[in-house]
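Enquirer: Pasting a structure here, questions to come.
Coordinate-derived values only; no laboratory data. In this text the structure is predicted, and so the values were computed from the model without any measurement. Heads up, the Cβs are rebuilt from the backbone with ideal geometry, glycines too, and the neighbour counts pull from every protein chain shown.
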Amino acid sequence: MRILAVCLVSIPFLVACGQTWNDPYPAGDAGRNILYSAFTDRPKHLDPAQSYTEDEIAFTAQIYEPPLQYHYLKRPYQLIPATVESLPHPRYYDAQGRRLADDAPVEAIAESVYELKLKSGIRYQMHPAFAVDKDGQPLYMGKNMADGRQKISDFAHTGSRELIADDYIYQIKRLAHPRLHSPIFGMMADKIVGLKALGDALGKAAKTLPSDEWLDLDAYPLSGVEKVDRYTWRIRIKGKYPQFLYWLAMPFFAPVPREADRFYAQPGMAAKNLTLDWWPVGSGPFTLSENDPNRRMVLARNPNFHGQAYPCEGEPGDAEAGLLDDCGQQLPFIEAAVFTREKEAIPYWNKFLQGYFDASGISSDSFDQAVRISVGGDVALTDEMQAKGIRLLTSIKSSTFYMGFNMLDPVVGGLSSRSTRLRQAISIAVDQEEFISIFSNGRGIAAQGVLPPGIFGYEEGEAGINPLVYDWVDGKPKRKSIEVARQLMVAAGYGNGRDEQTGEPLVINLDTTGGGMGEKSRLDWLTRQFAKIDVQLVVRATDFNRFQDKVRKGNVQLYYLGWNADYPDPENFFFLLDGNESKVATGGENASNYANPAFDRLFAKMKNMDNSPERLEIIRQMNRIVQHDAPWVFGLHPKSYTLGHRWLKNRKPSDVGNNILKYQRIDAADRAAARLAWNRPLLWPLLIGSAIVLLAAVPGYLAFRRRERDAAIK
């Protein structure tokens, strides 16, 4: 009976707890204007000189402010000022230092000079690195600064100052710092005048200092970067390199104040994770207020943010989607963003459905619950999702995935007609449309060439198809029949999958790693694709480091890789097939070691051109060459499916613009109401359980009463 009493008494208390009894967030945050999201992999670097992954830029892009940014709504992507007054227009000079016209031939340009001028009045976030004493000296500088302190909030005093040109110059120098190993140093050393020489000088200096001693970058000049005045600086670039503007929109070129670098370099700081890599210092709309990458990370609104206005222009359809409703309003809208680490997809998904995450991707396990696809291929949300007011956002990512041939291999490589026909046959046989349907839930489009949609030079329709693999039938591309592939195999001397010269069966090796394409089901599917043209595929699985080593040394025949756009320009994709970027010969990004002199000449001409009809024609020629040579089996451009709750406003997919948090807005009242409605405790299981306990207890209770009665009679 005592058990029953406990069950019955607990019911009113459970009800009294409120319907959001399963809320994972502190009660004090209820109703606050906070955006809730999740991350799966912990960020390794938050230092802008080192950070280069999507997991990291989700945070760094909200904290740091490079000079430029992308317009949030316009497509194709358009650069606009962030902290500078206007987009810099390069001035060109010849080898004798004479100014050239804007339309000067590329070969005549020895240097391009970019001059940038900051807006005045921009200030950094509050930080102890800026705290000073009554004499204006750094307050936290000296011995034992890290003692008893585990996080930045443990420092009692903070300060701030104005953003100046010196801060941007200091960060460019940091790219050459030998202890930081910036992933773009090699590339920028080939572009920025004097950066390689600075790297050499810093490398020599670092060898003479203890590993934990600060290297003062102000003591080392950088000839290619000049301070003009407090707000203005110039950057000299070798030759013509119009893509440099895109780099100026990345955190690599965001400002880092000398004070912060000096503050974190003090003894004992690194051991406590008191570093720029853990606690960033920026002027952006948000600051990192909590950093526990194994559990959660919190971005708080920066009260010193200089402010920006929500855009009033976009592309067709934006107004109808409500994306212009906040035109002219001051950014950011939200007061904080809480990111919870969710290692597994199912808990992430369930919390989204409960309203505890404001947006979510769609895993394969949850796809059918979220989306339905009609016979005609149209995509729509399921009734369950629509009933909750959830919205589906889709976009083709500026990415490409491909299966590459090692062009140095004696069987699949080279530009002979035999090996070229073999690669063309394989390109037809591997049915990308089937792969997308089976393994990606239809989330992607088959690639016709190197460029994804949204990049200058990508063409839709009949003009854009790969004519070696597709025919244009009834207004859409149709993959050539397997019989065409078999005919190519015969022409290549591999009829019925055997070498006509030796009689040996054709065996091709694919090197791969464990995840992604390395999953058994995908490899089984791929083996069947090759079997359609009687080719035996042997899969050689290995760990990632070993795989990279084999690709670097050219010890592969086939491999799988992908590329996400660093910036929206065709050069950023075509360089993956530039002969000068050969992985084996130069250590570049051309993992196929493809080298066609005609393609290389066109690439050299195209890469530094401004977008124009002439550039488009060159891109068409380049496409035709690589489609014919088939150094890749062109795979797919993934399609992003993102779900957002109705209370999440102003959300638009962006592949290259990453500072998107400041534009988003939350209707906190609507969210709170939805959470109450969607998370009411189910009391009937408890009532039924209580009834079962009651029924089970009755016989024992009656027996107990009989024993008491019998004892009383005696």
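Enquirer: Of the listed peptides 164-172, 340-348, what is their order by residue-averaged count of other C-beta atoms within 10 Å, with the highest listed first?
Expert: Order by mean packing, descending: 164-172, 340-348.
Enquirer: Can you compute the helix-only [θ] at 222 nm over the chain? Use -39500 (n - 2.57) per DSSP H run of at least 4 residues, normalise by all residues, nearest 500 deg cm²/dmol.
Expert: When only DSSP H runs of four or more count, the value is -8500 deg cm²/dmol.
Enquirer: Also: May I ask for the net charge around T83, where only other residues with Cβ less than 12 Å from the Cβ of T83 are counted and Lys, Arg are +1 while Asp, Glu are -1?
Expert: Net charge in that neighbourhood comes out at -1.
Enquirer: Additional query: Å³ per residue of the Cα convex hull, for the stretch 153-254?
Expert: 136
Enquirer: While we're here: Among 213-220, 312-319, how do they line up from the highest to the lowest mean number of other beta-carbon atoms within 10 Å?
Expert: Ranked from most to least packed, the peptides come out as 213-220, 312-319.
Enquirer: Also, quick follow-up: Arrange the peptides 101-112, 656-667 so that the one whose residues have, on average, the most other Cβ atoms within 10 Å appears first.
Expert: 656-667, 101-112
Enquirer: Pull up all non-local amide H partners of A38: gap of 5 or more, or a different chain, and H-to-H distance under 5 Å with H placed in the peptide plane.
Expert: T340
Enquirer: Using the Cα gyration tensor of the stretch 458-560, with a ≥ b ≥ c the square roots of its eigenvalues, what is the shape: rounded (a/c below 1.5), prolate (a/b larger than b/c) or oblate (neither)?
Expert: oblate
Enquirer: Please work out whether the chain counts as rounded, prolate or oblate from its C-alpha gyration tensor, where a ≥ b ≥ c are the square roots of the eigenvalues and a/c under 1.5 means rounded, while otherwise a/b larger than b/c means prolate and anything else oblate?
Expert: It is oblate, given that a/c is not under 1.5 and a/b is not larger than b/c.
Enquirer: Given +1 on the Cβ of Lys and Arg, -1 on the Cβ of Asp and Glu, and no further charges, what dipole in debye does the stretch 399-640 carry about its Cα centre, rounded to the nearest 20?
Expert: So the magnitude is around 420 debye.
Enquirer: Right, here's the next one. Given the options L274, N294, G314, identify the residue whose Cα lies farthest towards the positive end of the charge dipole of the stretch 226-369 (+1 on Cβ of Lys, Arg; -1 on Cβ of Asp, Glu).
Expert: So the residue we want is L274.
Enquirer: Could you tell me which of rounded, prolate or oblate describes the stretch 64-265, using a ≥ b ≥ c as the square roots of the eigenvalues of the alpha-carbon gyration tensor, with rounded for a/c under 1.5 and, failing that, prolate when a/b is larger than b/c and oblate otherwise?
Expert: Prolate.
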